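The values are calculated or read from the model by the stated rules, or taken from the named source; none is laboratory data. Remember, it's a predicted structure, so these values are computed and weren't measured experimentally. For neighbour counting, all protein chains shown are included, and Cβ atoms are generated from backbone atoms with ideal geometry for every residue, glycine included. The accessibility values were calculated without ligands, DNA or RNA, using every heavy atom of the protein model including side chains. Shrake-Rupley method; radii C 1.70, N 1.55, O 1.52, S 1.80 Å.
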Amino acid sequence: DAMVIQNPRYQVTQFGKPVTLSCSQTLNHNVMYWYQQKSSQAPKLLFHYYDKDFNNEADTPDNFQSRRPNTSFCFLDIRSPGLGDAAMYLCATSRDWAAGDYGYTFGSGTRLTVV
Amino acid sequence: AQSVTQLDSQVPVFEEAPVELRCNYSSSVSVYLFWYVQYPNQGLQLLLKYLSGSTLVKGINGFEAEFNKSQTSFHLRKPSVHISDTAEYFCAVSPPNSGNTPLVFGKGTRLSVIA
C-alpha cells in the first residue's frame with residue numbers, strides 16, 4: 001500500500017547530540033511537511049517542501065533543519081536538541097498545495113525523547 | 001488568515017451515547033474543512049472533509065459533520081460511540097486556492113469513552 005513511513009518510531013537522544021529523523025513516501029506526492037506536536041497540543045508546522053522548494057515557518061528555530069534529497073525522502077535534523085524539543089514529530093504529504101482536493105497523508109510519527 | 005477554535009479540550013462520554021465535538025473557524029474567504037483523528041502514539045488519520053456541495057458530510061467509523069456557513073461551524077457528531085473511539089480529534093481548515101498555505105489545525109479535543 002502506498003503510504004508515508006517514519007523511522008524510527010521512537011528515538012532517544014542526549015541533550016545537545018545531533019539527531020536525524022526520516023520520512024519516506026511511496027505516494028509520489030509533491031509536497032512534504034514536518035510538524036512538531038507536543039503533549040496535548042495541535043501539530044505545529046515547522047517547514048515544508050514543494051518538490052525541492054523549501055519553505056520555513058517564521059518561528060521555526062534555527063536548530064531545526066530539513067533536507068529533501070529526492071521526491072521520496074525527507075529528513076528532519078535537530079542540530080543540538082534541548083529538553084524542550086522532546087515531542088512527537090509528524091511527517092505528512094500532499095499531492096499539491098490544494099489540501100482539500102487531495103488531502104494530507106500522515107506518517108505514524110517519531111516520538112523524540114531528550115535525556 | 002484562517003483560524004480554528006475547538007471549544008472543548010476534553011469530552012467524556014459513556015459508551016453508546018451520542019457525542020458532538022465542536023469546531024468553529026474564522027476566515028474571510030471560503031474554506032475547506034477537515035476532521036482528523038489521532039490514536040495514542042499514532043499519526044493523524046482523515047475522518048472526513050467538506051469541500052463543497054451537501055453540508056452534511058459522512059466519514060469513516062460512523063462519524064459525520066455538518067458545515068454551517070452562517071455560524072462558521074463544522075461540528076463532528078456520532079450517534080453512538082464505542083470504547084475504540086477514544087482518541088484526540090483535530091479540526092483543520094484550508095482555503096480552496098491555498099497556494100502556499102498549509103492546513104491550520106485547532107488545538108484538539110480529547111474524547112474519552114467510558115464503559
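A few comments on the model shown:
- Placing +1 on each Lys and Arg Cβ and -1 on each Asp and Glu Cβ, with no other charges, gives chain B a dipole about its Cα centre of roughly 300 debye.
- Radius 12 Å from Cβ of A:ILE78, net charge of other residues (Lys, Arg +1; Asp, Glu -1): -1
- Threshold 30 Å² - residues in segment B:26-57 whose accessible area is reduced by that much or more when the chain is no longer isolated, probe 1.4 Å: B:TYR32, B:TYR36, B:GLN38, B:ASN41, B:GLN42, B:GLY43, B:LEU44, B:LYS49
- Here segment A:26-115 is treated with +1 on each Lys and Arg Cβ and -1 on each Asp and Glu Cβ, and its dipole about the Cα centre works out to around 260 debye.
- Chains B and A, summed buried accessible surface - 1.4 Å probe, Å², nearest 100: 1800
- Estimated at the nearest 10 Å², the accessible area of A:ILE5 is 70 Å² with a 1.4 Å probe.
- Length-normalised contact order for chain B - Cα pairs under 8 Å, 6+ apart - percent: 37
- Portion, in percent, of the accessible area of the protein assembly as shown that falls on carbon or sulfur, probe 1.4 Å: 49
- Per residue solvent-accessible surface (Å²) - the protein assembly as shown, probe of 1.4 Å: 47
- Probe 1.4 Å - accessible area at A:THR105, Å² to nearest ten: 50
- Relative contact order (%) - chain A, alpha-carbon pairs under 8 angstrom, separation at least six: 38
- Exposed loop sites were defined as trypsin sites (Lys or Arg not before Pro) in DSSP loop states (anything but H, G, I, E or B) carrying at most 15 other C-beta atoms within 10 Å; in chain A the longest segment without such a site runs A:80-115.
- Counting every alpha-carbon pair across the protein assembly as shown, the share separated by more than 26 Å comes to 37%.
- Shown here are the Rg and Dmax of the Cα trace of chain A, at 13.4, 41 Å.
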